[in-house]
1. Looking only at B:Asn293, B:Asn278, B:Asn203, which one moves most when chain B is put into a Gaussian network model with springs between Cα atoms under 10 Å?
2. Students often get this wrong: which residues of the range B:16-59 have the backbone nitrogen under 18 Å from the point 7 angstrom along Cα-to-C-beta of B:Glu237?
3. If a/c stays under 1.5 just call it rounded; otherwise compare a/b with b/c (prolate if a/b is bigger, oblate if not). Do that for the range A:264-336, with a ≥ b ≥ c from the square roots of the Cα gyration tensor eigenvalues.
4. How many partner chain Cβ atoms sit within 10 Å of a residue's Cβ in peptide B:25-38, on average, as a whole number?
5. Per residue, how large is the accessible surface of the range A:427-472? Use a 1.4 angstrom probe and give square angstrom.
6. What is the sum of charges around B:Ser3, taking Lys and Arg as +1, Asp and Glu as -1, for the other residues whose C-beta is under 12 Å from the C-beta of B:Ser3?
7. Just to be sure I understand the rule: take each whole DSSP H helix in chain B, project its Cα atoms onto its long axis, keep it if the span is 20 Å or more and its mean Kyte-Doolittle hydropathy is at least 0.0. Which ones pass?
8. For a quick check of your reading of the filter: which trypsin sites (Lys or Arg not before Pro) in the range A:180-257 sit in a DSSP loop and have no more than 13 other Cβ atoms within 10 Å?
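The values are calculated or read from the model by the stated rules, or taken from the named source; none is laboratory data. In this text, all values refer to a predicted model and were calculated from it rather than measured experimentally. Cβ: placed from backbone, ideal geometry, glycine included. Neighbour counts: every protein chain shown. Accessible surface is based on the protein model in full, side chains and every heavy atom, while ligands, DNA and RNA are left aside. Shrake-Rupley method; radii C 1.70, N 1.55, O 1.52, S 1.80 Å.
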Amino acid sequence: MKSPNPATSVLKQDEQKPPNNPQQSVKMDKHKIIYNKKAESEFFVDNSALAGFTGERILYMAVRELIENALDSCELFSILPSIKISLKTFDQSNDLWILDCEDNGTGISSDKLPVAVCSFLTSAKYMEKQQRGLFGVGLKMVAAFSTKDTDFPIKVWSKSMEEAGEYYFELRTDIGTNKPIVLLKKQVNKSESHIDGPSGFRIRVVLRARLVPITKNKIYDYVTQTSIVNPYAFITFETDDGMFSFDRRTSIMPTPAKEILPHPSDMDLQTLKKAISKHSGQKITLPKILCYSFQKLSYEKAKEIISNADLDFDLKDTKISFSEHDLIKIVNICKKTKFQNPNTDHLSPIGQGILTIGMMSEYTIVSNKNIETSSDNNKRDAMMVNEAKKLNHDKEDKNVSKTEASNIGVSKPNFSVRVLQPVLTAYTSRTGIINNRPTIIETGLAYGGDINSFKLFRFANKIPLLYDEGSDVAREVVSEVEINKLGITKKQAKEQFSTNKESKRDRVIEVLPIHIFFHICSTKIPYKTAGKESIASEGELKSYMKSCLSELYRKLSTQIRKELKLKEAENKMKLYKHYLPFIVSAITDSLGIKNSNLDDSFSTLIEKHLTKKSIGVGDDDNVVNNSEPPHSDFVPESSLYLSNKTVDLEKKKLTVSKNYEDIGDKSIKNTKLDKALSNSSSNSDASLIVSYKSKEKERRHKNDKKIKKSKKN
Amino acid sequence: MSSEKKNEVILIIKKIMKKISEDVIIQKQMPILDLPKIGYDNTVWSNEKRMLTIGDKKIEVSPDSVKKIPTFAQYLVMANAVKKLLDEDMESTIRGMYYATLSNVGDEKNKQKFWNNQDNSDDAIKAVELLTGIPREEFSVTSKPKGMISGPIKLRVGGDIIDCNLGSRSTSQLIPTNIGDVQIEDVKADFVMVVEKDTVLSNIRKSGFIQKYNAILMTGSGEPDRATRIMVKKLNESWNKPVVVFADADPWGLGIALRYKIGSESLSYDSDRLVTPNAQVLGMMFSDIYEYNIPEVARLTATDEDINRANDMKKKPWLQDKKWQKELNLFLNKKEKCELDAFFKHGFKYLAETYLPQKLRQIGLI
C-alpha cells in the first residue's frame, strides 16, 4: 500500500520532516497537484463521524465523552466517583444547550489543561491498558463543536492533585491550528470555588444541537446503564425533565488497570523499533531489550528467538544499529513462536461483586407511562376492585417505594428514577485471546422481581453500547443459546410468562423477565463499525460468549424452575380467588340474605388454610443455604430473597391469625361496603377483599426486602 | 310438579347453603359437601336386587385446595340455579342449566371457563341430585326427549291425555322427559318390547306388529334416557307387563340392552328408580347371526374395542350364566357382529314377522 519496498521507505519517512510547507507548493500551475497539511482539529471537525459526532448524536456523544472522562479520571486513583452532569436548554430558538459536567477525579494541572481540553490527539491515555477513552479526541470534539457553533467560551474549573488551588479557564479551540485559545485563566478564591472536594474537574460548554426524542432516550439509557456497571459511582443527572440521581450502592471499585508491556505475539516492526529506540542510550544487548520490552519473554527465550532469526551480528554488541531487514526477521519468528498467554493486568473487568450489586439495583429513568404499563397487574386488580380511591392509594404506595431514589424534587412529573430489583442474579466470566489481545468476557443475568421484560445490555470496557443492537454478536449469542438450558421448555416459558399470548416473537427468551448483560474488556475491542456501537463476532469471541450464557442459564435453571413453580401456583391461586365470589353469591342468593361477613370470613378461612398448606409445601422449596460463601457461584442475594420469602410466610401466618381475632370487628366495618356491593349480584365483593389483602401482603413483602437491603448496604 | 315437592327441594338446598355459611362464619371451619362417589369404582352388583347399586365410597368436596375449589363453586352455583328455576316455576333441560350458569372466571391474564363443557354442568346437576337426594326430573331439570313409545297405552301429562295407540301404525310418541308430570293412565297391551334403535322400531310398527301381538313398542334411541328407563320399569313393575329387549348383536348393543335390565355405572345411585331387573334380553344373540343365516356381507368385523369390551363383560357377575358365556365366547371366537337391521337383507318384513315372533315364542310370550 505504502510502497513496494517497505524496508527503505519507512525509514525515510521517519527521517524526513513533514511534507513541504503549503505556501511553497501553491503555484499557479494547473497540472500541479496541491498538497496541504491539515491540522488535526480541522480534520476531526470535518470528519466528525469518525468520532461518532454525527447530526442527532452530538449531545449524546458529548454527554458520553464527559462521563467517560470523569469516570476514567476517578478510577485512575481509585477515587469513588461523584459525577454531576446537567444538560439543559439554553436558548431554544437557536437550539443551544448548556452541558455541564463535574467530577471529583484527579483534575488536570493548570499548565496542561488548555491543551488537554482543546488539542486533538493529546492524551494521557496512550498506553496499553483498558480505559474508556483512548484517542484524545472526545473532549476536544466537544470543545471544537462548541467553538465552531457558538461564540461562548468553554468554561473549565480544575483542581488538580498535583497543585494547590483551583483554576478557572475560559477557552476556545483554534480549529485551524489544533491549539487552545486561552481567553481567561485565573486562580479561584476559596469563596468562589466550584469544586468541593480535594480535586476535581468541571467543564461547562454551550453546544448547538437538536435533541430528538430518540436521542434523548439514548442519553437517559446511557446514564442509566453507566450507573448499572458503575454502582460505585454517585451520579446526578439534571435535565429539563428534572433531576435524576443514581445512588452509590457500593464503595468497592474494580482494581484499576495497570499499564503492561506488549505481548510478543503481537509484536510488529513498529513496536520493536520503539522498544529498541527507548533503550538506545543504554548499553543493553538485544535479547535484554526484548525481555525488558515484552511480557512473557524470558532472557533465554529472547536469545533463542534471536538465534532462530539467524542474524549476522554479535549478540553481545550493544551499539549496533539494526536494519529493518533484520528486525522483521525477529518479528516473523515471534509470530511463529508460542508464548504463554498474555496477562490481563491491563484490563479492569467489573467483577462479580460489583456487577451483581449493579444488577441487584438497576437504576433506570422511566417515564410515568412506563410505570403504568409495568404495574399493569396491580392496575388490573385495582380495576376489579373498581374503586378509584384504592387505586390511587396503591399507586401512591408504589411510587413511594419505587422512586425513593428520586428524593430530589422532580420538576416535571413525567420522568423519574426507578430502582429495579430482580429476585435472582448470576455472573460468569471467561478470559481468552481475541484480536491478538487478551479479552475478558463478563456476563450477568438478572431475573424476575421488578424486572418484567427482556432486555439485553451490552458493554465494552464499561461503556454501554446502545446503538446497532441487531448486528451485535451478543444478539446472535442470545438467539443461539437454547432456552432449555434454563430448565424450562419453550412452551412453559410462553404459557407462564407471555403477557400477550398472540405475540409471535420467535425468540422465546424474550418473553422471560430477564436482563442479560455482556461486558467485553479488551484494549482492542472488535467493533463492527467506526461508530463503535456494535461488536463483531471476531475469532472465538462468540463461542466464549455462548459458553458464558449457557453457564448462566444452567446456574439459574434450578432457581428458575422454582420460580416457575411459584408462578404456576400464583396463577392458580389467583384463579382460586376468583371462584370465591361464585360461592359466596350462590349462598347468599339462595338464602335470600345479604350476609355481610360471609365473604370476609370465607376469604380469611381460605387464606388461613392455604397459608398452612403453602408453609408445608414451602419448607422444601425454601432450602436456603445461608452459609453459602459470598463468592460462590450463586449470588448471595438470591438466597437472601428466598429467606425473605420464608419470613414473609411467617408474617402471613401472623396476619391471618390477627385477622382471625378481628373478624367481629371487621364485619361491622365492612357491612356498609358489602351492602353497597351485594346489591349488584356481581361477585366483585369477595375479590375486593382478597385482592386488597394480597396487595397488602405484597407491600409488606417489598418493605421487608427494602429493609434487608438497606441493612446490608 | 307439585308445589309440595318443589318446596321440599328448595328447602333442602337452603339447608345445605345455610350449613355452609354457618360452618364458615360461626364454626370457622372448612365447609364440606359429602356425596357418594359416582362411577366405575363405586358401583356394586347387588345379587339381591339384581342390579347395579352404588357403593359406600364417599367424596368430600371442600374449597380447601386449588383443585377442589372450582368443583365446590360449581356445585353451589348449580344448586342455586336449580333453586332459581323452581322459584320461577320453570322447567329446563340440562343444556339449559349449562347455559344459565355459563360464565368466565378470572381476569384477563388468567381466564378460564366456569364449565369446560356441558359434561361439567351435567356432573354438577348429578351432584345436586345426590346432595338433595331428589332426582332431577323432580326439580324440573330434564333432558331432550328421545325415547319413543307406541302401542295401546294412555299417558297423562299435566292435564292432557296422550293416547299412544292413535295412529300407532304410522307414528310413535316421544316419551316426555319431565317424568314427574307423567302418569300412566291405562295400558291395554300384553307385553312391552324395547328395541335399541328408532329405525328398527319404525319398521316393526309399520308391519302391524302392535296390533297383531297387542304389544307396546319402545326405544331409547341408543342409550336410553332416564324417562324411557323409568317408563319401562313402571310398565313392568306397576302394570305387570313382561318386558323384552332387543339390541344389536355386538358388545355395545348388549350394553344398551343391559342398561334396562341392570342399570349403569354412572347412574348407579338411582338404580332403584331406573332399573327393570325382570326385563329379558332376548336378542340379538351372537348365535342368531349364524342361526338366521345373516349373509356375510351384512356382518361386521369386530374392532379391538369390541373385543376388549366383550372380554370385560365375560367377567361381570350378571353375565355369568352359561347362555351368556357361550354367546360371548362365540363372539370372541368369530369376531363378528351384526345389527338388527341386517335382517332386512332377508326382506323388509323378516324381522317383524319371522325373527321377533320366533324369539317371543321361544319364551312363550306369544
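1. B:Asn293
2. Residues B:44-55 qualify, since their backbone N sits under 18 Å from the label point.
3. Rounded shape, in that the Cα axes give a/c under 1.5.
4. Details: counts 10, 1, 1, 6, 2, 5, 4, 0, 0, 0, 0, 0, 0, 0.
Average per residue, whole number: 2.
5. Values: 1170 Å² over 46 residues.
For the range A:427-472, the solvent-accessible area averages 25 Å² per residue.
6. Values: positive: B:Lys5, B:Lys6; negative: B:Glu4, B:Glu8, B:Asp87, B:Asp89.
That works out to -2.
7. Details: long enough: B:3-22 (28 Å, -0.33); B:68-87 (29 Å, 0.43); B:118-132 (21 Å, -0.43).
In chain B, the long hydrophobic H runs are B:68-87.
8. A:Arg210
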